[in-house]
Amino acid sequence: MKAIVVGAGIAGLVVARQLGLAGWDVVVLEKSDGPRPDGYMMDFFGPGVEAAEAIGLYPRLAAAAYRVEAAEYADVDGHPTARLDYAKFSRLAGGKVLTLMRPDMEHAALAALDDVPPGRVRVRYGTRVSRTWTNDDGGHVWVSGPENTVLDGDVLIGADGIHSEVRAGVFGPESAYLRPLGMRAAAFVVTDAGLNERFRNRFVLTDSIGRTAGIYGLRADEVAAFLVYRDGPLPDAGIRTTQERLSREFSDLGTHMDRLLELCPEHPYDDVVAQIVMPSWHKGQAVLVGDACGAVSLLAGQGGSLAVAGATLLGQVLGPVDSPQGIAPALEAFEQRWRPVVATAQASGRRAASTFLPANRTQRFVRRAVIRATRVPGIDRLVARQVLRTVAK
Ligand SMILES: Cc1cc2nc3c(=O)[nH]c(=O)nc-3n(C[C@H](O)[C@H](O)[C@H](O)COP(=O)(O)OP(=O)(O)OC[C@H]3O[C@@H](n4cnc5c(N)ncnc54)[C@H](O)[C@@H]3O)c2cc1C
């Protein structure tokens, strides 16, 4: 059996490995020229942990994880407004929370392809899929560029993220499925010894109104940041780059923030914060997995975790299939089992959206009060999200 996987993100790499281990021939097509270096810090917990343990990926992920000693909201002068002993929280969560950079997560999944017999899984970087379709004799993709060729497989797996082209080709335009949550998120990594010293092993969130920046100190003088702000028209017609826009949106948040924005690349990752909601995830010989069919948004804090768990499940149900006739029932079984989990996470993300960016001082006051009131000694993103969701209900 042969699978075409579009996208070498965490979902695509995991499902490719699992199918390769089950004896399938798999080709993974990825438009980037190599593993994507850009990224942000992610918390990895929940269903993905269980799946990663089951398929033997967890030790590789754990090896790439960062130690987070403290998590806090801070005011413009850098003074904490709420604090957490992160290690303690991790223990409360059963010790199964990893904090790691998105590229490190993908590297771990890529390295895990070594477990598959040679030649079974081929990852072709620099290969952009521009047309996809499916009919009774399988899934097909059109690889444009110098190749200009059609590739065929028994199944076509769209693991190509929130702006999936497989989805557009097989299920219809993005506008039918993308639900914006009224925000944008940018993310980038800078190198600066001073900032690193301030944020090393700490996760700091700005305790600001209408915008929130999360900052971590990494290894080797690097600092990772994600910036979430309200979506809307550009604040100034003269703005040319994302860096300029972020500098405008995140002005007056203190000297560390100013320095971070000074070092921000001109065009960092910057995208709408949204979910993907679809009535069906499979059609004919094609299926979607990860953000492509069920993006939950960073507000749910579980997209990567669900990508790993969903891809593992898809590999599990498709793996034993040995004829084209067996594919449709397997895809149906995957969707039946996985849809309720994604729907629950999406509902959490939507609830968090209403409180993630307080609109005024009163809302910020409520957030602070709620955080201080938690019996867990301090806050962390997980606790904060849970608490804020409860408040928003
Ligand atoms: C700022 C931020 C913070 C986040 N924090 C967390 C967190 O704390 N915890 C968590 O679990 N999740 C978090 N997430 C969500 C998580 O990153 C995503 O849900 C997860 O990466 C989705 O994985 P994926 O493999 O489905 O898609 P992606 O990672 O988007 O991978 C899709 C791949 O497909 C490729 N591709 C796209 N189109 C084509 C094409 N036409 N041809 C070939 N290749 C193509 C892309 O280049 C990419 O490599 C966060 C997201 C953001 C933006």
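So which of Tyr216, Tyr229 is of a type in the set (Ser, Thr, Tyr), out of contact with any Leu (no Cβ under 8 Å at 6 or more places or on another chain) and part of a strand (DSSP E or B)?
Unique residue meeting the criteria: Tyr216.
Here is a yes/no grid of residues against (1) open to solvent by less than 30 Å² (accessible area, probe 1.4 Å); (2) free of Cβ contacts under 8 Å to residues at least 12 places away in the same chain; (3) within 30 Å of Gln363 (Cβ to Cβ); (4) within 23 Å of the chain's Cα centre (by Cα):
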| residue | (1), (2), (3), (4) |
| --- | --- |
| Pro118 | no, yes, no, no |
| His140 | yes, no, no, no |
| Ala185 | yes, no, yes, yes |
| Leu205 | yes, no, yes, yes |
| Ile209 | no, no, yes, no |
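List the pairs whose first member sits in segment 339-363 and is surrounded by fewer than 17 Cβ atoms within 10 Å (Cβ to Cβ), whose second member is assigned to a helix (DSSP H, G or I) and hydroxyl-bearing (Ser, Thr, Tyr), and whose Cβ atoms are under 8 Å apart, counting only residues at least 6 apart or on separate chains?
Here the result reads Gln363/Thr355, each pair linking segment 339-363 to a residue that is assigned to a helix (DSSP H, G or I) and hydroxyl-bearing (Ser, Thr, Tyr).
Rundown of residues vs (1) without any contact (Cβ under 8 Å) to a residue 40 or more places away in the chain; (2) over 30 Å from Val223 (Cβ atoms), yes/no style:
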{"position": "Glu106", "(1), (2)": "no, no"}
{"position": "Leu110", "(1), (2)": "no, no"}
{"position": "Arg131", "(1), (2)": "yes, yes"}
{"position": "Ile157", "(1), (2)": "no, yes"}
{"position": "Pro173", "(1), (2)": "yes, yes"}
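Would it be correct to say that Ile215 is in contact with a His (Cβ under 8 Å, 6 or more places away or on another chain) and surrounded by 15 or more Cβ atoms within 10 Å (Cβ to Cβ)?
Here the answer is yes, as Ile215 does meet what is asked.
Considering each residue of segment 238-261, count those that are among the polar types (S, T, N, Q) and open to solvent by 30 Å² or more (accessible area, probe 1.4 Å), and give that number.
Residues that pass the stated criteria total 4.
Out of the residues in segment 150-167 meeting the condition of being over 20 Å from the mean Cα position of the chain (by Cα) and within 14 Å of the ligand (Cβ to nearest atom), tell me which one is nearest to Ala347 (Cα to Cα).
The qualifying residue nearest to Ala347 (Cα to Cα) is Leu156.
Out of the helices (runs of 4 or more DSSP H) lying entirely within segment 1-88, which hold 2 or more residues that are under 16 Å from the mean Cα position of the chain (by Cα) and either near the ligand (Cβ under 10 Å from one of its atoms) or among the hydrophobic types (A, V, I, L, M, F, W, C) (or both)?
Per the criteria, 10-21, 47-55.
Would you pick out the residues in segment 116-131 that are touching a helix residue (DSSP H, G or I) at 6+ places or on another chain (Cβ under 7 Å) and of a type in the set (D, E, K, R)?
Arg120, Arg131
Which of the residues that make up segment 185-202 are closer than 17 Å to Gly39 by Cβ and in a strand (DSSP E or B)?
Ala185, Ala186, Ala187, Phe188, Val189, Val190, Thr191
Select, from Asp160, Asp104, the only residue that is assigned to a loop (DSSP other than H, G, I, E, B), on the phi < 0 side of the Ramachandran plot, at pLDDT 75 or above and charged (D, E, K, R).
None of the others qualify; the one that does is Asp160.
Of all the residues that make up segment 18-28, how many are open to solvent by 20 Å² or more (accessible area, probe 1.4 Å) and touching a Lys or Arg at 6+ places or on another chain (Cβ under 9 Å)?
Of the residues in that region, 3 qualify.
From the list Arg198, Arg184, Arg202, Arg211, pick out the single residue that is under 20 Å from Gly301 (Cβ atoms) and more than 15 Å from the ligand (Cβ to nearest atom).
Testing whether each residue is under 20 Å from Gly301 (Cβ atoms) and more than 15 Å from the ligand (Cβ to nearest atom) leaves just Arg202.
How many of the residues making up segment 169-180 are within 13 Å of the ligand (Cβ to nearest atom) and at pLDDT 95 or above?
So the count comes out to 1.
Out of the residues in segment 283-321 that are at pLDDT below 95 and more than 13 Å from the ligand (Cβ to nearest atom), which is surrounded by the most Cβ atoms within 10 Å (Cβ to Cβ)?
The extreme case among them is Ala286.
The rows are residues; the columns are (1) closer than 30 Å to Thr206 by Cα; (2) open to solvent by less than 30 Å² (accessible area, probe 1.4 Å).
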| position | (1), (2) |
| --- | --- |
| Lys2 | no, no |
| Ala8 | no, yes |
| Ala16 | no, yes |
| Glu30 | no, yes |
| Asp33 | no, no |
| Asp43 | yes, yes |
| Ala51 | no, yes |
| Asp77 | yes, no |
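The values are calculated or read from the model by the stated rules, or taken from the named source; none is laboratory data. Note that the structure is a prediction, hence the values are computed from the model and not measured. Note that we place each Cβ from the backbone using ideal geometry, even for glycine, and neighbour counts take in every protein chain shown. With ligands, DNA and RNA removed, areas are computed over all heavy atoms of the protein, side chains included. Shrake-Rupley method; radii C 1.70, N 1.55, O 1.52, S 1.80 Å.
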